[in-house]
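Report on the structure given below.
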2 protein chains.
Amino acid sequence: MSQHRHPGVPSRAGAVPALPDLPEATVARLPEYLRSLHQLAETGHETVSSEGLAAAAGVNSAKLRKDLSHLGSYGTRGVGYDVALLIEQIESVLGLNQRRAVALVGVGNLGHALAGYAGFASRGFRIAALFDADRTRVGEEINGLVVHHIDELPRIAVEERLAIGVIATPAGSAQAVADQLVAVGVTSILNFAPCVLAVPDGVDVRKVDLAIELQILSFHEHRKASLTALPGSGPSALTSLAGGAPTTDPQEAIGT
Amino acid sequence: MSQHRHPGVPSRAGAVPALPDLPEATVARLPEYLRSLHQLAETGHETVSSEGLAAAAGVNSAKLRKDLSHLGSYGTRGVGYDVALLIEQIESVLGLNQRRAVALVGVGNLGHALAGYAGFASRGFRIAALFDADRTRVGEEINGLVVHHIDELPRIAVEERLAIGVIATPAGSAQAVADQLVAVGVTSILNFAPCVLAVPDGVDVRKVDLAIELQILSFHEHRKASLTALPGSGPSALTSLAGGAPTTDPQEAIGT
DNA sequence: CCGTGTGAAGAACTTCACAGCG
DNA sequence: CGCTGTGAAGTTCTTCACACGG
């Protein structure tokens, strides 16, 4: 995992890539590229073209090239990218070289599942501690980890150098938990509770809300259904996956 | 929840509200507004200003007003929005009036948690069926629902009018499951498996990948750490990512 | 006079298309 | 010759700032 010296880098002395201040949209896609690259590496590919990687990651190739160009990446014209090298570059940019310690708060339904999720471990993170406010759950062992009471957060935060907090509590407790995480120095939070968290500047929060995802899908379902209900005039009314019903999609008939 | 007849809508005959073709970014925020509105309603608010709702939803108020204006919403100048009315409007636009049937495929770790997640039911969806490919799991009852073998998907899809599929299988099986869902007419998929799905035009896929969320947070952690390592001068070049650096934040020292 | 609704300016992101390097 | 890297054009989204209605 040592840093490579790329051929042709006009590097001043021992300087490395330097933080390129990536566009947020690019940052959000890098992990997907990384996953695709690992997959390619496992299947024996040593290099990959922008076209190939873009297909694997489900994006358009121009976008991929621009993204990679932002990290000053080094592909070879006429050939493509070196898979292993690109993996290293992206991991380095994402700061994945150091297995950050993750604290998971809330071991209910979802928390249990997250605690057992192998993807965290395999993709650069270490679940370092589990917490819950419910004392009847404290002491329980999940996947080799013991559940601590949330009051122990300060002590363990220091011991484990907690870097990221994952909140999997009910919405009602989420803000309090966030406050406690912030208080012990955590500056990155992944929030699964369906609520907005208030945090100081400098703390990053990302939110995952399962119901919201479904609602967005619902909108598109809804729209697709009402489009098929329209006469020909619509946007090249070919495809039509559902039955080409001239009447409204049965699913959509309601209310009114 | 029948749709209201808004004053002033030039609705043709039995035509439905007319789909205003919302910007995707707006669609993605509507569910959050909706959640905030429900919260406001529960706490007795009858009206809310754009400022107030924006604060509750964690966005800027100009954005909120523009979003709502896209749905031809009706606020009252000098007053704000009628909470109950706005809830209805948004639910109608999102197509939440009809409790779509959701199929959940894969009842492993995560699938179990999702099957038990109350938020689906409370926010417009009905988990209509559980599936798994593992016959040792078939028959198991989770949260009042029996696990069916995936081969029964065609039959049940018709019986239950499945509208949305949720994939919570390992990555290796996800594409096959997606194909089966598409084959039975499902045109909206929420994918929790860490892989890209290929689907025909007209099928919507949304992806939730927990590790990706953490990796994005990791990037920001990483960047924050290297910024604090800098002297006053600001974010100009300097800091190196991997080793080499003249001491960075302790948390950051690794790799090399 | 307050807060919505909105044109217009601005920022961010995507896509195109092609120069140029290996 | 093929594929990367990138200016430039195009699109979408955000923010500003203010006219206007209740």
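Toward the positive end of the charge dipole of the range A:24-96, with +1 on the Cβ of Lys and Arg and -1 on the Cβ of Asp and Glu, the farthest Cα among A:A62, A:A41, A:I87 is that of A:A62. Excluding B:V166 itself, what net charge comes from residues whose Cβ is under 15 Å from its Cβ, given Lys and Arg +1 and Asp and Glu -1? With Lys, Arg at +1 and Asp, Glu at -1, the net is -2.
Per-residue surface analysis assigns A:Y74 an accessible area of about 90 Å², computed on protein heavy atoms at 1.4 Å probe radius. Based on Cα contacts under 8 Å between residues 6+ apart, the range B:99-210 shows a relative contact order of 24 percent.
The residues of the range B:24-94 expose on average 47 square angstrom of accessible surface per residue, using a 1.4 Å probe on protein heavy atoms. Here B:D151 sits with roughly 100 square angstrom of accessible surface, probe radius 1.4 Å. Solvent-accessible surface of the range A:127-190, taken per residue with a 1.4 Å probe and all protein chains present: 44 Å².
Between A:A198 and A:S122, the contour length at 0.36 nm per residue exceeds the alpha carbon distance by 24.3 nm. Sorted shortest first, the separations between the A:N60 label point and its copies elsewhere in the assembly read 2.7 nm; each point sits 7 Å from Cα along the Cα-to-Cβ line.
The mean count of C-beta atoms from other chains within 10 Å of the C-beta of residues in A:202-208, rounded to a whole number, is 4. Buried area at the B:A interface is about 7500 square angstrom, summed over both chains, from accessible surfaces computed with a 1.4 angstrom probe. Note on surface exposure: B:V79, B:V138, A:V93 rank B:V79, B:V138, A:V93 by accessible area, highest first, 1.4 Å probe.
Once the Cβ-Cβ distance between A:S61 and B:T136 is put in as r, and R0 is 56 Å, what FRET efficiency do you end up with, to the nearest 0.05? E between A:S61 and B:T136, to the nearest 0.05, is 0.85. Per-residue Karplus couplings for the range A:143-152, computed as 6.51 cos²θ - 1.76 cosθ + 1.60 with θ equal to phi - 60°, are listed in order as 6, x, 10, 8, 7, 9, 6, 4, 5, 8 Hz, Gly and Pro entered as x. Carbon-plus-sulfur accessible fraction, the range B:24-94 (probe radius 1.4 Å, protein heavy atoms only): 51%.
Kirkwood analysis of the range B:24-94, using all unique Cα-Cα pairs, places the hydrodynamic radius at 11.7 Å. Sparsely packed loop sites in the range B:42-118 (the GluC sites (Glu not before Pro) outside DSSP H, G, I, E and B with at most 15 other Cβ atoms within 10 Å) comprise B:E46.
Evaluating 6.51 cos²θ - 1.76 cosθ + 1.60 at θ = phi - 60° for every residue in the range B:206-213, the Karplus couplings come out as 10, 10, 10, 10, 5, 5, 4, 4 Hz, glycine and proline recorded as x.
Here A:P23 yields copy-to-copy label distances, from shortest upward, of 1.6 nm, the label point defined as 7 Å from Cα along Cα to C-beta.
Under a 5 Å amide H cut-off, with hydrogens placed 1.01 Å from N, A:N191 pairs with A:I167, A:R206, A:K207, A:V208 among residues at least 5 apart or on other chains. Largest to smallest in accessible area, the residues B:K63, A:K66 fall in the order A:K66, B:K63 (1.4 Å probe, all protein chains included). Taking every residue in A:184-193 and counting other chain Cβ atoms within 10 Å of its Cβ, the average works out to 3. Averaging Cα coordinates gives a centre for the range B:50-73 and one for the range A:122-148; these two points are 39 Å apart.
Put B:E160, B:E221 in order of accessible area, highest first, and with a 1.4 Å probe you get B:E160, B:E221. Put simply, the Cα atoms of the range B:99-210 extend 35, 29, 29 Å along their principal axes, the longest span coming first. Label-point distances for B:E159 to the equivalent site in the other copies, using a point 7 angstrom along Cα→C-beta, read 5.1 nm when ranked shortest first.
Amide hydrogen proximity for B:I127: with H placed 1.01 Å from N in the peptide plane, the residues at 5 or more positions away or on another chain lying under 5 Å are B:V102.
Take A:R29: with every protein chain present and a 1.4 Å probe, its accessible area is about 60 Å².
The values are calculated or read from the model by the stated rules, or taken from the named source; none is laboratory data. Since the model is a prediction, treat every value here as computed from it, not as a measurement. Note: ideal-geometry Cβ built from the backbone for every residue, glycine included; neighbour counts use all protein chains shown. Calculation scope for accessible area: heavy atoms of the full protein, side chains included, ligands and nucleic acids excluded. Shrake-Rupley method; radii C 1.70, N 1.55, O 1.52, S 1.80 Å.
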